[in-house]
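**Student:** Shown below is the structure under consideration.
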Amino acid sequence: MPSSCRPAALARAAAVTALLIPAALLTACSGASTAPRTPAGTAVVASSAPSGTAVPTAAPIPTPSPSPAGPACTGGDLDVLFGAESSASGGEQGMTALLANDSGTACLLSGSLQAQLLTGSGGALSTTLQSPAPAGSAWLVPDRVALDAWWPQSGEATVTISWHTGDVQPGVCSGSAPSVGEVSLSIPGGGTVIGSLGDSLIEMSVAPCDGVIQLGAIVAATTPEAFSSPTAGAQAAGQEEFAGQGPPNPSYQVTTGSQAAVVAYGGPDCGASTYLWQDGAGWHVLDTTCSQAPGYSPGIGLTDWLYGPAGSGCAAVHASPGHASAVTACLTTSTTFGQGTHYTVDQGPAYAAETDPTSQLPEGTIWWHLQGQGWVTQDYLVELTP
């Protein structure tokens with residue numbers, strides 16, 4: 001189990017696999033796109049498919065619909081989480097970047113992303129783009145942290161990243177295939193956002209042959225599927241999050257609040273918790289965490305600290321659940337798990353259905369009450385590791 005436990009991107013494994021796009025198709029799509037900026041040290045080549053290996057076919061990415069003008073997202077506005085690994089024939093593998101906006105106002109993420117592979121300590125690795133990434137766009141609602149890449153929420157965005165494990169045959173690379181620890185994404189609106197692969201719930205192994213990768217288009221996330229009960233949602237989340245790690249313990253303990261619930265159960269080697277919110281369609285998964293490592297695991301009676309990406313500054317404390325309620329304080333967050341001021345959760349969970357006035361997208365989320373303070377979103381709460 002990895003040392004950190006931010007949950008692992010994209011709504012379904014099958015959907016991720018379908019978005020692993022062959023070079024020929026991406027070349028065709030990119031013809032209608034604006035030529036992306038290429039970071040220093042990043043080359044663009046025609047193909048990286050292994051010799052004699054058929055690249056899987058997939059449905060083309062639709063041309064993005066025109067988006068209304070709006071403030072452009074910058075790297076400083078964003079938080080990114082990598083996860084939801086997938087595989088296809090021919091040794092092709094993939095993962096998804098989940099992008100969320102942790103600034104105080106909605107922003108528009110539009111254009112094509114660029115990427116630089118990094119070591120775990122931030123050193124640059126050889127990075128080659130198989131072909132220019134297609135353009136896309138998505139409105140990102142404010143005050144979000146990328147929580148769970150398997151279950152993106154409306155008002156967030158996803159981008160697929162794919163690569164081959166070898167050029168001779170699957171898993172056999174004639175060149176180098178260094179292990180990737182972090183990925184830096186260049187944002188069309190300016191700046192970069194960096195995410196660590198160690199932040200995923202399940203440890204990921206990413207080693208593209210010769211550093212060749214392919215980026216997909218920016219895709220606006222939609223509301224995740226609805227389940228008939230919190231337990232049904234937790235069962236699906238456990239199967240997704242812990243794939244390949246053994247079946248979760250089927251003993252589920254459900255704690256229900258106001259249109260929100262927490263389901264505790266045993267993961268393959270940890271105590272897992274799945275958080276869900278409810279609307280007229282049913283129960284929707286927001287996040288799944290593991291208690292044996294630092295992660296997002298608020299709960300009644302638990303002592304938590306506040307976490308926020310660099311640049312987020314502080315977590316707004318509200319008089320009641322919902323962004324429309326009065327802000328009573330702004331508590332300092334830490335970029336490092338386990339550091340900062342400790343707080344005790346004494347009420348929750350509570351879901352507040354809201355609509356962002358700028359993007360007109362749903363921005364509802366789960367809220368928790370900090371003793372002596374007020375209500376804070378799930379995005380900024382992290383359980384202390386005993």
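**Student:** Give me the residue from region 342-367 that is within 15 Å of Val285 (Cα to Cα) and β-branched (Val, Ile, Thr) and, out of that set, surrounded by the fewest Cβ atoms within 10 Å (Cβ to Cβ).
**Tutor:** Looking at the filtered set, the residue picked out is Ile366.
**Student:** Can you name the residue in region 138-182 that is in a loop (DSSP other than H, G, I, E, B), over 16 Å from Ala217 (Cα atoms) and among the charged types (D, E, K, R) and is also nearest to the chain's Cα centre (by Cα) among such residues?
**Tutor:** Step by step, filter region 138-182, then rank; the result is Asp148.
**Student:** So which residues in region 147-172 are more than 14 Å from Gln93 (Cα to Cα), surrounded by 20 or more Cβ atoms within 10 Å (Cβ to Cβ) and not aliphatic (A, V, I, L, M), if there are any at all?
**Tutor:** Asp148, Trp150, Trp151, Pro152, Gln153, Gly155, Glu156, Thr158
**Student:** Could you check region 136-146 and list, in sequence order, the residues that are surrounded by fewer than 22 Cβ atoms within 10 Å (Cβ to Cβ) and at pLDDT 95 or above?
**Tutor:** Ser137
**Student:** Out of Gly322, Gly374, Gly340, I need the residue that is within 30 Å of Pro71 (Cβ to Cβ) and modelled with pLDDT under 85. Which one? Give the derivation first.
**Tutor:** Details: Gly322 fails: modelled with pLDDT under 85; Gly374 fails: modelled with pLDDT under 85.
Only one candidate qualifies: Gly340.
**Student:** Looking only at region 115-128, count every residue that is surrounded by fewer than 22 Cβ atoms within 10 Å (Cβ to Cβ) and either of a type in the set (A, V, I, L, M) or under 16 Å from Cys73 (Cβ atoms) (or both) and tell me the total.
**Tutor:** To start, the set of residues in region 115-128 that are surrounded by fewer than 22 Cβ atoms within 10 Å (Cβ to Cβ) comprises 115-116, 118-126, 128.
Next, only the ones that are either of a type in the set (A, V, I, L, M) or under 16 Å from Cys73 (Cβ atoms) (or both) stay: 115, 118, 124-125.
The qualifying residues number 4.
**Student:** Does Ala243 fit the bill of being small (Gly, Ala, Ser) and more than 25 Å from Gly348 (Cα to Cα)? Give the derivation first.
**Tutor:** Details: small (Gly, Ala, Ser): yes; more than 25 Å from Gly348 (Cα to Cα): yes.
Considered against the rule, which asks whether it is small (Gly, Ala, Ser) and more than 25 Å from Gly348 (Cα to Cα), Ala243 comes out as yes.
**Student:** To continue, here is another question. Hey, could you check region 196-217 for residues that are within 16 Å of Gln169 (Cα to Cα) and hydrophobic (A, V, I, L, M, F, W, C) and say which is modelled with the lowest pLDDT?
**Tutor:** Among those that are within 16 Å of Gln169 (Cα to Cα) and hydrophobic (A, V, I, L, M, F, W, C), it is Ala207.
The values are calculated or read from the model by the stated rules, or taken from the named source; none is laboratory data. Just so you know, these numbers come straight off a predicted model, no measurement behind them. Neighbour counts run over all protein chains shown; Cβ positions are idealised from the backbone, glycine included.
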